[in-house]
Amino acid sequence: MTIVWLVNSKGKGDLLLRKRLLQLAAIALLLPLMIWAGYFFSLRHAQAVTGIAPSNMPSLQHFPGTVRSLARELILRNPRVPAGEFFEGVAIAWVLNKDQSESYLLGHTKAGGRWYFFLLAIAVKSPIPLLLLAGIGFCATGSYARQVTDDRVRWILLLPPAALAAVLLVTMHVSYQAGLRHILVALPLLAVIAGVGSSQLFQLSHRTWRLALSTLVVALLLWQGAESIRAQPDFLAYFNEFAGSDPSAVLVTGCDLDCGQDLNRLAAELRARHIDDVELAVFTSADTDRSGLPHHELPDPARRPHGWIAVSARPRRTGTGIREILPPDYFACLEAYRPVANVGKTIRLYYVPATDSGSPRPPGTDSTR
């Protein structure tokens, strides 16, 4: 936003520049106070915040030399640190980004991230009418900003696109990519830009096109409302039509699709089918022994899966389940079988005979289901 203002006010006089620089100085002083307030003015010892003592001091190898020295000194001296949780969070994010952890996108897993991960996530997780209106808003904002003569109005118009662009540019260098939730701030900015697009279409002065374009805006807004209704109650698993019939082929890690939200539905499905034993490969942090499930075992990498198998999208695609990490292709053999039931948006229930001889038919289950 500051860069947009500097470009917009170039050559407008030293008085205005001094005024803006004073405002920026005030912001720089208030910002730490606002961050501290966000942590309820916490003032805790460095060792209590980090959980690190001199006796278990790590190497801190991921950090630059100056930061390593400062961190060690803080741990040894153990002073009270304002908003220490904030700095701890920054440190954790730094380490996660440097670790080059595995990320999943478009059916492939790789170490580190892809520069377009969050761009693609927005493209498939946002309702299409919102994307269309935002695209119109981008074009309308640029066109209107070139025509308007009031510098203040032009500056304000450019702020939402500039802020959104800044967020997306930063994410291109992030290698820890565990879901769209990490840049949720981008979505309200996208909505503001879409609002500008809607407004501009409604205000077009050409009478010939006004009715058609107004009808288009109303249709897009109705479509947006319909998408919101369609998403209920499975908001986490929402994907637009760009993701295809199986969104797990696009995104599956983090909580973009599979976060264990269908576990209760699975318990109800198994009770309804009187299933007493199941092989469970569901990504969840819940205590499965207290979730109303029948007797269940985790998959064994040393043998082929058989019997009743409940597998959610994340382990099916990546092998990552409750506590085990299976080979990524461990469940590939299930592709030859038709699921007995789809539980919610994320879990598939299969029956695989111990000795396969043709198409599987679960006992007591209609094979055509």
Against the condition surrounded by fewer than 20 Cβ atoms within 10 Å (Cβ to Cβ), basic (Lys, Arg), assigned to a loop (DSSP other than H, G, I, E, B) and free of Cβ contacts under 8 Å to residues at least 40 places away in the same chain, how does ARG303 come out, does it pass? yes
Output for the stretch 173-222, where each listed residue is free of Cβ contacts under 8 Å to residues at least 40 places away in the same chain, closer than 30 Å to VAL95 by Cα and either surrounded by fewer than 16 Cβ atoms within 10 Å (Cβ to Cβ) or under 13 Å from the mean Cα position of the chain (by Cα) (or both): LEU184, VAL185, PRO188
Taking the stretch 306-342 and keeping only residues that are in contact with a Leu (Cβ under 7 Å, 6 or more places away or on another chain), of a type outside the set (A, V, I, L, M, F, W, C) and at pLDDT 80 or above, one is left with PRO315, PRO339
Residues in the stretch 105-123 that are in a strand (DSSP E or B) and either under 23 Å from VAL185 (Cβ atoms) or without any contact (Cβ under 8 Å) to a residue 40 or more places away in the chain (or both): how many? 4
Return only the number of the condition from (1) more than 28 Å from the chain's Cα centre (by Cα); (2) closer than 24 Å to PRO327 by Cβ; (3) hydrophobic (A, V, I, L, M, F, W, C) that ALA313 does not satisfy. (1)
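Can you say whether ARG152 is surrounded by fewer than 19 Cβ atoms within 10 Å (Cβ to Cβ), farther than 30 Å from THR320 by Cβ and among the charged types (D, E, K, R), as far as the supplied structure shows? Give the derivation first.
Numbers: surrounded by fewer than 19 Cβ atoms within 10 Å (Cβ to Cβ): yes; farther than 30 Å from THR320 by Cβ: yes; among the charged types (D, E, K, R): yes.
In short, yes.
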Taking the residues in the stretch 256-277 that are touching a strand residue (DSSP E or B) at 6+ places or on another chain (Cβ under 7 Å) and buried (at least 21 other Cβ atoms within 10 Å of the Cβ) as candidates, determine which candidate is farthest from HIS296 (Cα to Cα). ASP258
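Among the residues in the stretch 273-295, are any among the acidic types (Asp, Glu), in contact (Cβ under 8 Å) with a residue 24 or more places away in the chain and farther than 12 Å from LEU326 by Cβ? Let's see the steps before the verdict.
We begin by selecting, within the stretch 273-295, every residue among the acidic types (Asp, Glu); these are 276-277, 279, 287, 289.
Subsequent filtering for residues that are in contact (Cβ under 8 Å) with a residue 24 or more places away in the chain retains 277, 279.
Cutting the leftovers down to farther than 12 Å from LEU326 by Cβ gives us 277.
Within the stretch 273-295, one or more residues are among the acidic types (Asp, Glu), in contact (Cβ under 8 Å) with a residue 24 or more places away in the chain and farther than 12 Å from LEU326 by Cβ.
TRP94 - would you say it is surrounded by fewer than 17 Cβ atoms within 10 Å (Cβ to Cβ), in contact with a strand residue (DSSP E or B) (Cβ under 6 Å, 6 or more places away or on another chain) and farther than 30 Å from GLY197 by Cα? Steps first, please.
Numbers: surrounded by fewer than 17 Cβ atoms within 10 Å (Cβ to Cβ): yes; in contact with a strand residue (DSSP E or B) (Cβ under 6 Å, 6 or more places away or on another chain): no; farther than 30 Å from GLY197 by Cα: yes.
Taking the combined requirement at face value, the residue does not satisfy it.
Would you check which residues across the stretch 280-295 are assigned to a strand (DSSP E or B) and either in contact with an Asp or Glu (Cβ under 6 Å, 6 or more places away or on another chain) or more than 21 Å from LYS345 (Cβ to Cβ) (or both) and list them?
First, pick out the residues of the stretch 280-295 that are assigned to a strand (DSSP E or B): 280-281, 295.
Hit for the stretch 280-295 is HIS295, nothing else.
Just need a number here: residues in the stretch 37-53 that are within 24 Å of ASP99 (Cα to Cα) and either among the hydroxyl-bearing types (Ser, Thr, Tyr) or not in a loop (DSSP other than H, G, I, E, B) (or both).
The initial filter retains those residues of the stretch 37-53 that are within 24 Å of ASP99 (Cα to Cα), namely 46-47, 49-53.
Remaining after also requiring either among the hydroxyl-bearing types (Ser, Thr, Tyr) or not in a loop (DSSP other than H, G, I, E, B) (or both): 46-47, 49-50.
Residues flagged as within 24 Å of ASP99 (Cα to Cα) and either among the hydroxyl-bearing types (Ser, Thr, Tyr) or not in a loop (DSSP other than H, G, I, E, B) (or both) within the stretch 37-53 amount to 4.
The values are calculated or read from the model by the stated rules, or taken from the named source; none is laboratory data. All of these numbers come straight from a predicted model, not from anything done at the bench. Cβ: placed from backbone, ideal geometry, glycine included. Neighbour counts: every protein chain shown.
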